[in-house]
Amino acid sequence: MPARVFEIARPKGVNVPKKAANRNDWQQRDPALKREQQRYEHPVPSRELILQDLQKQGRPMTRKQLANHFGLTVEAAGKALDTRIAAMLRDGQLVENRRGALGPLERMDLVRGRVQGHRDGFGFLIPDEPGEDVFLNPRQMRELMHGDRAVVRITGSDNRGRREGRVVDVLERAHTRIVGRYSRQNNFGLVIPDNSRIQHDIVVPDGEQGDARDGQVVTVELVEPPRKRGQPTGRVIEVLGEHLDPGLEIDIAVRAHGIPHEWPEEALAQARSIGDVVPAEHYANRVDLRDLPLVTIDGEDAKDFDDAVHCAPTAKGWKLWVAIADVSAYVAVDSPLDAEAQSRGTSVYFPGHVVPMLPEALSNGLCSLNPKVDRLCMVCEMQINAEGETTKSSFYPAVINSHARLTYTQVGAYLEHGDHKAVPAAIAPHLDSLEGLFNALFAARRRRGAIEFDSTETRIVFNEQRKIDRIEPVSRNVAHRLIEECMIAANVTAARFLARKKMPTLYRVHPGPEADRLQELRDFLAERGLSLGGGSDPEPRHFARVLELAGAREDARLIQTVLMRSLTRAVYTPDNSGHFGLALEHYAHFTSPIRRYPDLLVHRAIRHVLDGGTPDQFDYSGAAMEALGAGCSAAESRADEATRDVDDWLKCEYMRDHLGEEFGGIITGVTPFGLFVEIDDVYASGLIHVSSLQNDYYHFDATAHRLQGERSGMVHRLADRVRVKVARVDLDERKIDFEPAGLGGARKSSAKPAGRGPRKQRKKRR
């Protein structure tokens, strides 16, 4: 539909220069006009053009000045512009000063990001853009809660040299509801949040407590957010129960971390309307791969199957098909299901329970690649040579019929132990081809220098009362690695495809180590006679080389732990700067759209290109992708924190039955106040406080990751073996306290401890 040109009128009280009065060329200058025309009957300037023109003006502009600048005075257009500005303010793309003038965030020396609270009352702003975190002192945190999005102004540095900020605006409140323990006072109540990062107790006025009794776990709905001079207030809307009720730990974690868990009726209705059989009209314009022997390979307890694979040998290598559930065929942009999936961001996996990103009718039903039923897929087909390099690839929508649902255990038994009874005979030759391809892909991984850390995952096994029966390690076999390499190949191919087409999308980016962490790492390695190559800009292969050299050493685990902690967290962003850990220039998540929203966005971008669309016609702009990336990264962190909370709570409950018992363990953290220890078999962590160590003064050496006794010379360092006794368990705080029961890993050192000097100048920990 052609764009509508609006007449210009002089707004009251605004002196409009004559030159501006003839300025109605914004439609010719707007880089996203086609997209805006497709989405709106009366389009207004896009976010990109507004930001571009504000940059050129070199000064903030009021709403009226902006409307006049673009020649928008028709009432409908004015309202649409106000709506767009409100959205840009909400997303932090614009900031409004005290005079009501608007300007781009970066031009006003402000930082936008998400708040990370600390149990000691202070916090940090984690910037949306790459950059150093901003310290927020307890005074600034009075009006903020963990997870809020805010804009701060840099005011200087604190006494530790960190950037310090002052709150300018709260863009988004992370919490409308909070879970915690209800405490009855004289004529009012308090809810003490279960999430220790939220330091505000919520005041519950008399009469707003519902049926809550003192000591019960409740959900409170916030009525007033925290203010500089006032506590937040709320009303109890749900009583979850007594804090030791079985299964309550998951209910608490879900609510404490704000994980969406209730389905809006509109989303459920949409899921029901899709049905449980692939509609016949969806077969059109798809490649029919139902005769191709694709199979799924997952864990025994998996219920949603995102991916199916098949491999066939060729003259120069292999052809690999990776078929991924085509969620985009059922979940349309801006539909109720899409809105809820975006809000959730990811499925959250707790022990014995899942909070899915999509309703089970889709996640375990129509989108899941169950065996022997037709399913819609987006297929990545790759030609891979003997060196493990993808030489040719294509994407296309298809319909498949999985020929078998295999498990890692079955495939591992066949490939590693030659157990031909473990898999169907018709599938075995295809698994042989997959193994050959895997060997080539894994060799290529080694050649490019990808970093491989050896870590242990655990699985909690419950009894009939949902109490922990045992905690067991999850071993990885060749089947796990085989599927991992196939998925990485497809993810790389998707990222390259979208980068080549210049499509806005989300990449999975893993930055290299920051300068300060890098220097600490170099100092640590130098103490052990090792060095990290690459100068000021090391590559993954330099990290891999250190791991290789450390492999046979006694302190190999210590070195691996320090290397791992020197790296930063991977995030979702439209800025394609590569994946450091995997040593890849292009990487995106394509293979799990049932459980990760970024994958669904990647599928939509691929589908858009296959349908002949151009970047400027896509449903998402670069700025929109930036906001979505920040949201998806935050959702991932939220899920990790929630699952860690549940694991910690369950392990604390388990350890309450082992008070006074002794365990072997390994030191996983060294701090000025003590040693964190993970005990064997249970994989539960606790603290040996420094006051529990030998009768001595202990000094903390951050570079060497150790505590050293001043008089005895005893050294306790990261990755040392220890023996501990369980002294105390606090379920509310999810903390376990240990006492030494023979520090087998401790050793004497002739070196002077860090900080040794005149007695009055030494900082001691007793």
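Nothing in this text is a laboratory measurement; each read-out follows from the coordinates by a stated rule. Since we're looking at a predicted model, the values are computed, not measured. Using ideal geometry, Cβ is built from the backbone for each residue, glycine included, and neighbour counts are taken over all protein chains shown.
The modelled label-to-label distance for the pair residue 689/residue 333, using points 7 Å beyond Cα in the direction of Cβ, is 5.7 nm.
Which distance in Å, rounded to a whole number, links the C-alpha centroids of the stretch 527-605 and the stretch 301-321? Measuring centre to centre over Cα atoms gives 25 Å.
Bridging of residue 372 to aspartates and glutamates at a Cα separation below 13 Å is possible for 291, once same-chain residues fewer than 8 apart are set aside. For residue 56, the aspartates and glutamates whose Cα comes closer than 15 Å to its Cα, not counting residues fewer than 8 places off in the same chain, are 30, 48, 106.
Between 209, 240, 195, the Cα set farthest toward the positive side of the dipole of the stretch 177-243 (charges on each charged residue's Cβ, about the Cα centre) is that of 195. Label sites at residue 703 and residue 569, each approximated as a point 7 angstrom past Cα along Cα to Cβ, lie 2.9 nm apart. Near the amide H of residue 670, within less than 5 Å, lie the amide hydrogens of 676, all on another chain or at least 5 residues away, with H placed in the peptide plane.
Residue order for 219, 591, fewest other beta carbons within 10 angstrom first, comes to 219, 591. Think of the stretch 371-431 as a dipole: +1 on every Lys or Arg Cβ, -1 on every Asp or Glu Cβ, centred on the Cα centre; then among 408, 377, 391, 377 lies furthest on the positive end. Computed from backbone phi, the HN-Hα couplings of the stretch 505-511 come to 7, 9, 9, 8, 10, 10, x Hz, rounded to whole numbers (Karplus: 6.51 cos²θ - 1.76 cosθ + 1.60, θ = phi - 60°; Gly and Pro given as x).
So, by mean Cβ neighbours within 10 angstrom, what's the order for 354-367, 165-178 with the highest one leading? If you can, show how the numbers build up before the last one.
Details: 354-367: 21.3, 165-178: 17.6.
The peptides rank, most packed first, as 354-367, 165-178.
Each peptide in 140-150, 311-321, 452-462 was scored by the mean count of other Cβ atoms within 10 Å over its residues; highest first, the order is 140-150, 311-321, 452-462. In this structure, the amide hydrogen of residue 693, modeled 1.01 Å from its nitrogen in the peptide plane, lies closer than 5 angstrom to no residue at least 5 positions away or on a different chain. Over all other residues within a Cβ to Cβ distance under 11 Å of residue 403, the charged ones net out to +2, with Lys and Arg as +1 and Asp and Glu as -1.
A cut-off under 14 angstrom between Cβ atoms defines the neighbours of residue 437, and their net charge, with Lys, Arg +1 and Asp, Glu -1, is -3. Report, in listed order, any pair from 34/64; 316/501; 651/735 with a Cα-Cα distance greater than 19 Å. Over 19 Å apart, Cα to Cα: 34/64; 316/501. Taking a sphere under 11 Å around the Cβ of residue 391 and counting the other residues whose Cβ falls inside, with K and R at +1 and D and E at -1, yields a net charge of +1. Each of 430, 417 was scored by other Cβ atoms within 10 Å of its Cβ. Listed from fewest to most, they are 417, 430.
Per-residue ellipticity at 222 nm from helix content only, as computed over the chain with -39500 (n - 2.57) for each DSSP H run of at least four residues, stands at -9000 deg cm²/dmol.
Highest mean packing first, where packing is the average number of other Cβ atoms within 10 Å per residue, the peptides 567-579, 120-132 line up as 567-579, 120-132. Remark on residue 462: its backbone amide H falls under 5 Å from those of 469, a criterion applied only to residues 5 or more positions apart or on other chains, H modelled at 1.01 Å from N. Site pair residue 447 and residue 522 shows an inter-label distance of 3.1 nm when each label is modelled 7 Å from Cα along Cα→Cβ.
With P(r) over Cα pairs in 20 Å bins from 0, in percent in mind, check (1) 13, 43, 36, 8, 0; (2) 16, 45, 27, 9, 3, 0; (3) 15, 47, 34, 4, 0 and report the label derived from this structure. The value computed from this structure is option (1).
Among 699, 480, a tally of other beta-carbon atoms within 10 Å of each Cβ gives an order, fewest to most, of 480, 699.
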